[in-house]
Amino acid sequence: ANFTAELPLPPRGQVEIKFGYIDKACSIGRPPSNKLPGVDFSYRPLFGCLSVPNILVVFGYLLTEARVALCSSHYSILTPVSEAFLSLLFPFVWQGAYIPIMPSAMTDILDAPVPFLVGLHSNYLKTTEPNNRPRGVVFVDLDEDVVH
């Protein structure tokens, strides 16, 4: 256990280890310190659902570790939009609870006093009156481009 704790890491961007496993080639390395991390998804769902001013509002809430619930009638959009928001936080890393698609049976989590980013079906916004929703939670309606 001490060996891994005392062994220094290789310099950023200078050492890369390549190896093969069956029919797949893999490489491990530390990215250069000034290089942005690569993302292997599109930001199109985020910018297709929300206007730039609303993206900046939600981004600000995430930077302050607020409780954010993304809502959409399409489950397929919740994870890409959530991942896009989290990647925008670079060089910071989201430390709160993260549930990109939260089942409706788990809506009690919205009362938790911790920062979270969750994805909900928009039925929650339609069936729950605004005064019955948990206070302090920012609800983002991706279908209507509205931040509540």
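Key figures
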| item | result |
| --- | --- |
| Hydrodynamic radius by Kirkwood, which averages 1/r over all alpha carbon pairs of the chain, in angstrom | 17.6 Å |
| Within the range 43-70, backbone nitrogen closer than 19 Å to the virtual label 7 Å beyond the Cα of R135 toward Cβ | 66-69 |
| Cα-projected label distance for H148 with A66, points at 7 Å along beta-carbon direction, nm | 1.4 nm |
| Crossing angle, helix 52-63 versus the chain [Cα axis fit, 0-90 degrees, rounded to tens] | 70 degrees |
| Dipole in debye (nearest 20) - the range 63-148, about Cα centre, beta carbon charges: Lys, Arg +1; Asp, Glu -1 | 160 debye |
| Under 5 Å, built H, 5+ apart or other chain: amide partners of L70 | V118, G119, L120, V140 |
| Farthest positive-ward along the chain dipole, Cα basis, beta-carbon charges - from S76, F59, T107 | F59 |
| Burial order of peptide ranges 69-76, 88-95, 129-136 (average beta-carbon count within 10 Å, highest first) | 69-76, 88-95, 129-136 |
| Å² of accessible area per residue within the chain, as computed with a 1.4 Å probe and no ligands counted | 66 Å² |
| Rounded to 10°, Cα long-axis angle of helix 75-88 versus longest principal axis of the chain | 60 degrees |
| Neighbour-limited loop hits for trypsin sites (Lys or Arg not before Pro), the range 14-86 (at most 11 other Cβ within 10 Å; DSSP other than H, G, I, E, B) | K35 |
| Mean Cα-pair separation over length for the chain, i.e. relative contact order, pairs under 8 Å, 6 or more apart, % | 25 percent |
| Unit Cα scatterers, Debye sum, the range 105-148: log10 I(q)/I(0) for q = 0.23, 0.31, 0.32 Å⁻¹ | -0.89, -1.59, -1.64 |
| Cβ charges +1 (Lys, Arg) and -1 (Asp, Glu), total dipole of the range 100-148, debye | 160 debye |
| For the chain, size of Cβ-based charge dipole, Lys and Arg +1, Asp and Glu -1, in debye | 380 debye |
| Of all accessible heavy-atom area on the chain, the percent that carbon and sulfur account for (1.4 Å) | 58 percent |
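The values are calculated or read from the model by the stated rules, or taken from the named source; none is laboratory data. The shown structure was predicted, so the numbers you read here are calculated from the model rather than taken from an experiment. Cβ sites come from the backbone with ideal geometry, for glycine too, and all protein chains shown count toward neighbours. Please note that ligands, DNA and RNA were not included when accessible areas were found on the heavy atoms of the full protein model with its side chains. Shrake-Rupley method; radii C 1.70, N 1.55, O 1.52, S 1.80 Å.
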